[in-house]
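Below is one structure, written out as structure tokens, with a few remarks after it.
The values are calculated or read from the model by the stated rules, or taken from the named source; none is laboratory data. It should be emphasised that the depicted structure is a prediction, and the values quoted were computed from it without experimental measurement. When we count neighbours, we look across all protein chains shown, and the Cβ atoms used for this are built from the backbone with ideal geometry, even at glycine.
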Amino acid sequence: MTVTGVQLQEYLAGLDYPVSREDLVRWAQENGASTAMLQMLRALPVEQFESPDELNAALTTRS
């Protein structure tokens with residue numbers, strides 16, 4: 001699955017950083033993220049993200 005900036009903005013709008021992977025998954029789930037997106041978030045190797053750029057880099061590396 002390819003993750004776009006638009007998808008991230010849609011699912012993660014309003015999220016405050018730094019954010020843990022668990023909080024990230026919960027937030028995305030509450031905002032209607034697809035099952036595929038949730039699986040991708042759960043598989044991230046990093047436990048915490050300091051910024052949207054750091055998260056985006058981790059997601060695009062895994063897609």
Do you know which residues across segment 26-50 are part of a helix (DSSP H, G or I) and touching a residue at least 24 places away in the same chain (Cβ under 8 Å)? A36, M37, M40
Complete set of residues in segment 38-63 that are modelled with pLDDT of 85 or more and either surrounded by 13 or more Cβ atoms within 10 Å (Cβ to Cβ) or among the basic types (K, R) (or both): L38, M40, L41, R42, L44, Q48, F49, E54
Breaking point among (1) at pLDDT 90 or above; (2) not in a helix (DSSP H, G or I), for D23: (2)
Give segment 51-63 a look and list any residue that's in contact with a Phe, Trp or Tyr (Cβ under 9 Å, 6 or more places away or on another chain) and outside any helix (DSSP H, G or I), or say none. S51
Just to be sure, is E22 more than 11 Å from the chain's Cα centre (by Cα) and among the acidic types (D, E)? no
